[in-house]
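The values are calculated or read from the model by the stated rules, or taken from the named source; none is laboratory data. What you are looking at is a predicted structure, and each value in this text was computed from that prediction instead of being measured. Every residue, glycine among them, receives a Cβ derived from its backbone with ideal geometry; neighbour counts consider all protein chains shown.
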Amino acid sequence: MNDTPFKAGFVSIIGRPNVGKSTLLNRILGEKIVAVSDKPQTTRNVIRGIFSDKTSQIVFVDTPGIHTARTRINRAMVDAAMSAVTGIDLMLLVVDSTEKIEEKFIKDICLKAGAAVYLVLNKIDQVTPREMLFSLIEGYTSLYDFPEIIPVSAQTGSNIQRLVDLVREKLPEGEPLFPDDILTDLPEKFIVAELIREKVFRLTNREVPYGAAVVVEAFNERENGLVAINAIIMVERDSHKGIIIGKKGTMLKKIGEQARHDIERLLGTRVYLELFVQVQERWTERTAMLRELGYE
């Protein structure tokens, strides 16, 4: 008989764009459910990832990167991120170990937090010499009284188990909040759209991804087990459409092939993926369109 009390709770993951929040969540879950790229602002929505084991269930709330928002879609992203600082049991404030300490940003976030804040120093695999990491920890320690400062590498998995153990210790006792066999409460269509959009971010020019969104129009399982998916990649300009399609359709084919590989792994079955590209001028500034896509 196991006398260890079961623990469950909500943990938000907050930080600047491109500090590795989504990579961290995917690493903890052991599965890709969030789009990841080397470009900032890849994550646009609040995404819940559910980690379950025999002694706990941790609902991680991944958020868009907090940045200076000048457009309607960026303001919606920052509002979504800030909404995740309340009603939680713990906050993980993720920072890039290779970047300078942003004192005002750190203090502002900690003051707004509705729970204890653990500082997660990500990308420690890129910090050399090692003494630099100790100096960085000292700097953050003098800035705010963090109960825990955890150096990790989401990319390599270094110290991730230690992070999960420390999070578990902080959570209250309670029953599971979700079934223990799911990784997220979001529908499969949403995750599929995220995986396609990730390939757009990774494979196309820097100016294209920020004007691109993905809508899954059809998601049908056939009798032979094959899942047939039709999705639209929506862009703001004709020039962006041309870049995504590529010469003789080569770029769109590459996006589709890489996305299909990840989707098949997610669904555990063969996938037929058909992609279309559609121009919707200034969709990132249109309230109705943003609401339809779940950004507002």
Apart from one, (1) under 20 Å from the mean Cα position of the chain (by Cα); (2) within 30 Å of residue 5 (Cβ to Cβ); (3) surrounded by fewer than 21 Cβ atoms within 10 Å (Cβ to Cβ) all hold for residue 169; the odd one out is (1)
Name the single residue, out of those in segment 32-60 being among the charged types (D, E, K, R) and within 12 Å of the chain's Cα centre (by Cα), that is modelled with the highest pLDDT. 48
Quick check, is residue 113 surrounded by 13 or more Cβ atoms within 10 Å (Cβ to Cβ), hydrophobic (A, V, I, L, M, F, W, C) and at pLDDT 90 or above? no
How many residues does segment 212-236 hold that are buried (at least 18 other Cβ atoms within 10 Å of the Cβ) and not in a strand (DSSP E or B)? 2
Cβ-Cβ under 9 Å, sequence separation 6+ or interchain: first residue in segment 159-186 and farther than 18 Å from residue 89 by Cα, partner assigned to a loop (DSSP other than H, G, I, E, B) and small (Gly, Ala, Ser). Which pairs? 160/154; 183/30
